[in-house]
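Notes for the one structure printed next.
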Amino acid sequence: GPGQADMYAGLQELGVANGEDLKETLTNCTEPLKAIEQFQTENGVLLPSLQYALPFLDLHGTPRLEFHQSVFDELREKLLERVSAIALEGKVEERYKKLEDLLEKSFSLVKMPSIQPVVMCVMKHLPKVPEKKLKLVMADKDLYKACAVEVKRQIWQDNQALFGDEVSPLLKQYILEKENILFSNDISFLQNFFSPSPKTRRQGEVVQKLTQMIGKNVKLYDMVLQFLRTLFLRTRNVHYCTLRAELLMSLHDLEISEICTVDPCHKFTWCLDACIREKFVDNKRARELQGFLDGVKKGQEQVLGDLSMILCDPFAINTLALSTIRHLQDLVGQDTLPRESPDLLLLLRMLSLGQGAWDMIDSQVFKEPKMEAELITRFLPLLMSFVVDDHTFTVDQKLPSEEKGPIPYPSAIPEAFTKFLQENRIACEIGLYYILHITKQRNKNAFLRLLPALVETFSDLAFSDIFLHLLTGNLTLLSDEFALEEFCTSLFDGFFLTACSRKENVHRHVLRLLLHLHHKVAPAKLESLQKALEPTKQSGEPVKELYNQLSEKLELHKPSPAEVTETPSMELPLPTVPTPASR
């Protein structure tokens, strides 16, 4: 059959007889048995001692094929070992010359399943497989599949489209994994999106596969970075920035100097990586990072595009924002103004660079964004005044009260605060992190005071997945407050529900939160929320799925009708929970 022909493909070119030759010999001869014997002698294993051993094996009923197969397997193993040895011995030119000759001789047999591993092994050890052979491999799906990654790299580096096809599903998988974490049903303030250390993240499947595909090949590394830049521009998805940093640091872990020394971001990323690990930028590292930024020379400004992408990684932003909040608290204690703190100014400079990444790469204008003076002279002092308000309130609570009665918590928000959150990206980012900070401190008063400012923020940052993921986690610390109608009205009606209908992701996050905390929520409130959160025709599968999970949980939690009232069964209202059939 055709399979047979394939199995012996290429033997004739090497002057080795195959089944076709035997058929021809037998068709044109007078004494078939003699002809077979002669064919066996001419094409058998040429070892004098075998002349007597083979008939002995025949007596034991061992088929000749089995014998030849075992000899062949043994020889192939020896040959594979020999190829790997040749690749390491002697002068460089000589060893590659030997391998090239071997490839020349054996390549015609590459379709023979039994010989293929040897041919593949030879190619794997050649730093430069001849162009013609690469083209043949590329043209044949099965051969391409069977190739070692070392050979594929040689194919990829001159075929960006083919390489793109291999990388693309991995990038999709990476983004999906990130989104699954952000929308995970496990809500906790202890474990969140930012919990895994950088080292742990770099062990992820996608980063490992990409690292393996790139090897030490600078050209492939550059291609992957180009893909990431393009996708970041096309989608504005910041997870591509995380992957950019993770990939570089993964190569750093493996000490691949061929790539690390040519990536101008390497040392900056390495230093920032240490800060991300500590979730804090200490003074020594701050100096180091500043040195890199100040050291960008005339004519090399393009590196700012890369640095900004590294700083736009949510893990970097998270570290910079947390450090900023910590610095502000320290300044309150030291009675120092933000503009007098070089460390704080550096954090803001890096936040601006990170937040400006998309615009910089899009416009190709490589210069650091200008810092708005108002951010430093007005907005940050405002945040510090909130910290002071909390201190004052706490102290007041402890003082023996005269007849003046308890001092209420300040409830008004300065108009400037709301305006900054709407108009200034960096102010908004820091403001949101301040709100996460007070929530984590279980500071209900401060939370309810500032919450109204989140309804309208710069490019809807308060409704972004990362913020909502962190906020829902921190809100579990205030779980007891959910029993209070007033708290729920501020949180749900005043914030979440303002965006649910126009933003599917917000709908998902509210449902996640309720799945986790429904048993804490005031029953009347829970009922109205269940109505308000019902999916519409436009809702996606995840929302419907979450809503059904919530409905099932609420059914289980409902007190049984008997406990409520003794209504005759026919008057019971129909349940409003969607049944699985009507989904």
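The values are calculated or read from the model by the stated rules, or taken from the named source; none is laboratory data. Predicted, not measured: the structure shown is a model, and the values here were computed from it. Reconstructed Cβ throughout: ideal geometry from the backbone, glycine too, with neighbour counts over all protein chains shown. The protein model used for the area step is the full one, side chains on, heavy atoms only, and it has no ligands, DNA or RNA in it. Shrake-Rupley method; radii C 1.70, N 1.55, O 1.52, S 1.80 Å.
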*Given a Förster distance of 45 angstrom, what is the FRET efficiency for V395 paired with K267, based on the Cβ-Cβ distance and rounded to 0.05?*
0.45
*May I ask for the distance between the Cα centers of region 250-315 and region 198-223, given as a whole number of Å?*
17
_Set of region 350-377 residues, backbone N closer than 20 Å to the point 7 Å along the Cα-Cβ line of D330_ = 350-352, 376-377
*Cα-based equivalent ellipsoid, region 160-374: semi-axes from gyration tensor eigenvalues, Å*: 29, 21, 16
_Using θ = phi - 60° and Karplus 6.51 cos²θ - 1.76 cosθ + 1.60, couplings along region 125-138 (whole Hz; Gly, Pro as x)_ = 8, 8, x, 9, 6, x, 3, 4, 5, 4, 4, 5, 5, 5
*Once you have the Cα-Cα distance between S188 and T536, take 0.36 nm times their residue separation minus that, and quote the gain in nm to one decimal.*
122.4 nm
*What list of ³J(HN,Hα) values in whole Hz, one per residue of region 255-271 in order, does the Karplus curve 6.51 cos²θ - 1.76 cosθ + 1.60 (θ = phi - 60°) give from phi, with Gly and Pro shown as x?*
6, 8, 5, 3, 9, 4, 6, 9, 8, x, 8, 3, 5, 4, 5, 4, 5
*Return the distance in nm (one decimal) between the two label points of a simple spin-label model at L170 and Q302, each offset 7 Å from Cα along Cα→Cβ.*
2.4
*Label zone at W358 (point 7 Å along Cα-to-Cβ), backbone N below 18 Å, region 155-182*: 175-176, 179
*Which lysines have a Cα less than 25 Å from the Cα of K105, not counting those fewer than 8 places away in the same chain?*
K78, K91, K97, K124, K128, K132, K133, K135, K141, K145, K152
_Once you keep just the Cα pairs under 8 angstrom separated by 6 or more residues, what percentage relative contact order results for region 98-181?_
21
*Give, in nm to one decimal, the length gained when the segment between E77 and L345 is fully stretched (0.36 nm per residue of separation minus the Cα-Cα distance).*
90.0 nm
*asked:* On a straight-distance basis, which lysines could pair with K178 in a cross-link, Cα separation under 22 angstrom, same-chain partners fewer than 8 positions away excluded?
replied: K199, K209, K279, K503, K544
*asked:* For a quick check of your reading of the filter: which trypsin sites (Lys or Arg not before Pro) in region 120-205 sit in a DSSP loop and have no more than 12 other Cβ atoms within 10 Å?
replied: K128
*Starting with the highest mean, order 463-473, 258-268 by the number of other Cβ atoms within 10 Å, averaged over the residues of each peptide.*
463-473, 258-268
*For E150 and K419 in the same chain, what is the full-extension length gain: residue separation times 0.36 nm, less their Cα-Cα distance, in nm?*
91.2 nm
*asked:* Given points 7 Å out from each Cα along the Cα-Cβ axis, report the S459 to E100 separation in nanometres with one decimal.
replied: 5.3
*Mind giving me the nanometre distance, one decimal, between the label points for E485 and R287, set 7 Å out from Cα along Cα→Cβ?*
6.0
*Taking all protein chains together and a probe of 1.4 Å, list R449, R508, R277 from the most accessible to the least accessible.*
R277, R508, R449
_Under the Karplus curve 6.51 cos²θ - 1.76 cosθ + 1.60, θ = phi - 60°, whole-Hz ³J(HN,Hα) for region 199-212, x wherever Gly or Pro sits_ = 4, 5, 4, 5, 7, x, 4, 5, 4, 5, 5, 5, 4, 5
*asked:* At 1.4 Å probe radius, can you tell me the per residue accessible area of region 302-383 in Å²?
replied: 39
